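K.L.:
Following this message is one structure expressed as structure tokens.
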Amino acid sequence: MKLSKTAAALLPALIVSLAGPAHASAENDVVDDIDQLPITLGPRPFYLVDDMDEDSAQSTELKAALQQCASNMGSYERSDFSIGHRGAPLMFPEHTRESYMAAARMGAGVLECDVAFTKDKELVCRHSQSDLHSTTNILETPLAEKCSVPPKFDDAGNLSNAADIMCSTSDITLAEFKTLEGRMDGVNTEAKTLEDYLAGNPTWRTELYAANSGTLMTHAESIELFKSLGVKMTPELKTPTVDMPFDGMTQQDYAQKVIDEYVAADVDPSDVFPQSFLLDDVRYWIDNTDFGDQAVFLDDRDTQPDFNITNPDTWSPSMEELADMGVKILAPPLWMLLTANDDPDKPIVPSTYAEQAKAAGLDIIAWSFERSAPLTEDGDWYYQTIDSVVDNEGDKMVALDVMARDIGIRAMFSDWPASVTFYANCMADELEL
């Protein structure tokens, strides 16, 4: 078999990558010297480049540049532009030690712990306070009985409430939480058996590394791991699904408790990007802590009834009002930043939203790359504003390029950080990374 020049150049890196993320160990996988953790990208970034269309000048020019980079780049460096969204949950159970190690090995310079609290008010890494039924093995343990809405079965033994099952971190203690294992996120809400219910992981995420790869972590443990890896940290304060105050803990107590764990671990505020969808949390950090300068407002203003992405008059608060409140970093879903263009040579361009945010002086972090189903399936939520001009996986790279070079985003969350790390290394000079 004769390899192309590009494939031949990539082959050594691909072989080395087989010893990368797939072999993350658990308790002992802490690194004292960051140089001991080489960056290995695997084949996925190059698959995306090869899959890029050449039906527009925008895509053709970018594809050529990235192919040239792939041929010439000898090694890859960690990049703060690349954020591990829950680690690397495209293939690893999210918010687990194994997922974080995989993301670090793929060059993510920032790692995320979404912060929820247990029944005894201890902080743990979970995407939602109430997702244990879909992200852990709790339903296969006696702790299922403690769930807010445990599974129920009819007289014939069939699961009768698949759509309503809910297990929350606040249902169990920290000690109980630590007995659980992470699993790939996804359940079948129409299932009639528990086995079928737990078989709801989307096939495009795969379960290749899910077996024995689900070490759950406390927030404090994530801090220590991230410190040992030499990466920055972005905790997201999850909106509680229980009434606050919770057992005497107010929302402000919760927001402060997250910061206190960084202070206790002697982490410099410049290494932390605390996030929340609740503007009051962000303003609390700005007004009351040393960690407010990099506080991130996760933007879900699109959930407001009158919101129109093309009409700034419908955005409340406005971009200028956010800046006046002291907000410096805005984090919208990536679809808000992009729009389809009539010019066939440049089909993807920055949105009015992106232009308004930059005009107000706001930095932007976007979410989330590699979280969507294959773009051959129309109507993906993350690409809804450019659905008419994207139809294959390679189009993701064009969208990323518009956000990076035309808009100037600060960083990108990704479920498979290697793809963003590759792009950031290739475009480092232009992006001044």
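K.L.:
What length, rounded to one decimal in nm, is gained on full extension from Glu195 through to Gln356, with 0.36 nm per residue of separation minus their alpha-carbon distance?
P.N.:
Working: separation 161, 0.36 × 161 = 57.96 nm, distance 4.82 nm.
Additional length available on full extension: 53.1 nm.
K.L.:
Within the stretch 175-196, name every residue whose backbone N is under 17 Å away from a label modeled 7 Å from Cα of Asp154 along the Cβ vector.
P.N.:
Answer for the stretch 175-196: 189-196.
K.L.:
Tell me whether the stretch 140-195 comes out rounded, prolate or oblate; compute the Cα gyration tensor, take square roots of the eigenvalues as a ≥ b ≥ c, and use a/c under 1.5 as the rounded threshold.
P.N.:
Prolate shape, in that a/c is at least 1.5 and a/b is the bigger ratio.
K.L.:
Springs between alpha-carbon atoms under 10 Å, Gaussian network over the chain: tell me which of Thr173, Thr141, Thr189 tops the mean-square fluctuations.
P.N.:
Thr141
K.L.:
Where both residues lie in the chain, what percent of DSSP beta bridges are antiparallel, nearest 5?
P.N.:
Values: 13 of 38 bridges.
Beta bridges within the chain, antiparallel portion: roughly 35 percent.
K.L.:
Just to be sure I understand: with springs between alpha-carbon atoms less than 10 Å apart, which residue in Ser414, Ser82, Ser71 has the highest mean-square fluctuation in the Gaussian network model of the chain?
P.N.:
Highest fluctuation among the options: Ser71.
K.L.:
Can you list the HN-Hα couplings for the stretch 347-352, worked out from phi with the Karplus curve (6.51, -1.76, 1.60; θ = phi - 60°), rounded to whole Hz and with x for Gly and Pro?
P.N.:
x, 10, 9, x, 7, 4
K.L.:
Still on this structure, I have one more. Assign one of three labels to the stretch 184-339, namely rounded, prolate or oblate, based on the Cα gyration tensor with a ≥ b ≥ c the square roots of its eigenvalues; rounded applies when a/c is under 1.5, prolate when it is not and a/b is larger than b/c, and oblate otherwise.
P.N.:
On the way: a/c = 1.76, a/b = 1.18, b/c = 1.48.
Oblate, because a/c is 1.5 or more while a/b does not exceed b/c.
K.L.:
Which far-off residues, 5 or more places away or on another chain, put their amide H under 5 Å from the one on Glu393, with H placed in the peptide plane?
P.N.:
Excluding prolines and chain starts, which carry no amide H, the hits are Leu375, Thr376.
K.L.:
Something else about it: Quick one: pull the percent of accessible area on the stretch 330-433 belonging to carbon and sulfur, 1.4 Å probe, ligands and nucleic acids left out.
P.N.:
40 percent
K.L.:
Along the stretch 129-144, what does the Karplus equation 6.51 cos²θ - 1.76 cosθ + 1.60 (θ = phi - 60°) give for ³J(HN,Hα), rounded to whole Hz, x for Gly and Pro?
P.N.:
4, 10, 10, 4, 5, 9, 10, 9, 8, 4, 6, 9, 10, x, 5, 4
K.L.:
While we're looking at this one, here's another question. Can you tell me how the stretch 303-433 classifies by the Cα gyration tensor, rounded, prolate or oblate, using a/c under 1.5 as the rounded cut? Intermediate results must be reported in sequence, preceding the final value.
P.N.:
On the way: a/c = 1.71, a/b = 1.24, b/c = 1.38.
Since a/c reaches 1.5 but b/c is at least a/b, the shape of the stretch 303-433 is classed as oblate.
K.L.:
Between Asn311 and Thr239, what length in nm is gained on full extension when 0.36 nm per residue of separation is reduced by their alpha carbon distance?
P.N.:
On the way: separation 72, 0.36 × 72 = 25.92 nm, distance 2.74 nm.
Computed gain between Asn311 and Thr239 is 23.2 nm.
K.L.:
For the chain, report the accessible area per residue in Å² (1.4 Å probe, heavy atoms, rounded to an integer). Before the final figure, lay out each step's value.
P.N.:
On the way: 18250 Å² over 433 residues.
For the chain, the per-residue accessible area is 42 Å².
K.L.:
Considering only His133, His85, His95, give the residue with the highest GNM mean-square fluctuation for the chain, with springs between Cα atoms whenever their separation is below 10 Å.
P.N.:
His133
K.L.:
Could you work out [θ]222 nm for the chain from helices alone, using -39500 (n - 2.57) per DSSP H run of at least four and dividing by all its residues? Round to the nearest 500 deg cm²/dmol. Don't skip to the end; give the middle numbers.
P.N.:
Values: 15 runs with 126 residues, N = 433.
Here the helix-only value at 222 nm equals -8000 deg cm²/dmol.
K.L.:
Something else now. List the GluC sites (Glu not before Pro) within the stretch 134-205 that fall in a DSSP loop (any state other than H, G, I, E or B) and whose Cβ has at most 15 other Cβ atoms within 10 Å. Let's see the in-between values first.
P.N.:
Values: sites: Glu140, Glu145, Glu176, Glu181, Glu190, Glu195; in loops: Glu190.
For GluC sites (Glu not before Pro) across the stretch 134-205 that sit outside H, G, I, E and B with at most 15 neighbouring Cβ atoms in 10 Å, the list reads Glu190.
K.L.:
Same structure, new question: Working out 0.36 nm times the residue gap between Trp204 and Trp381, then minus their Cα-Cα distance, what length gain in nm do you get to one decimal? List each step's numbers first, then the result.
P.N.:
Numbers: separation 177, 0.36 × 177 = 63.72 nm, distance 1.57 nm.
Here the answer is 62.1 nm.
K.L.:
Something else now. Can you tell me the FRET efficiency between Asp343 and Asp391 if r is taken as the Cβ-Cβ distance and R0 is 25 Å, rounded to the nearest 0.05? The partial results should precede the final answer.
P.N.:
Working: r = 18 Å, r/R0 = 0.70.
With a Förster radius of 25 Å, E is 0.90.
K.L.:
For the stretch 287-364 and the stretch 255-269, compute the distance between their C-alpha centroids and round to whole Å.
P.N.:
Their Cα centres are 28 Å away from one another.
K.L.:
Roughly what % antiparallel, to the nearest 5, for the DSSP beta bridges in the stretch 280-433? Write out the running numbers ahead of the final one.
P.N.:
Working: 3 of 12 bridges.
Approximately 25 percent, going by the DSSP bridge assignments.
The values are calculated or read from the model by the stated rules, or taken from the named source; none is laboratory data. Everything numeric here is computed off the predicted structure, so don't read it as measured data. FYI the Cβ positions are ideal-geometry reconstructions off the backbone, even for glycines, and counts take in every protein chain you see. Surface accessibility is based on the protein's heavy atoms, side chains included, excluding ligands, DNA and RNA. Shrake-Rupley method; radii C 1.70, N 1.55, O 1.52, S 1.80 Å.
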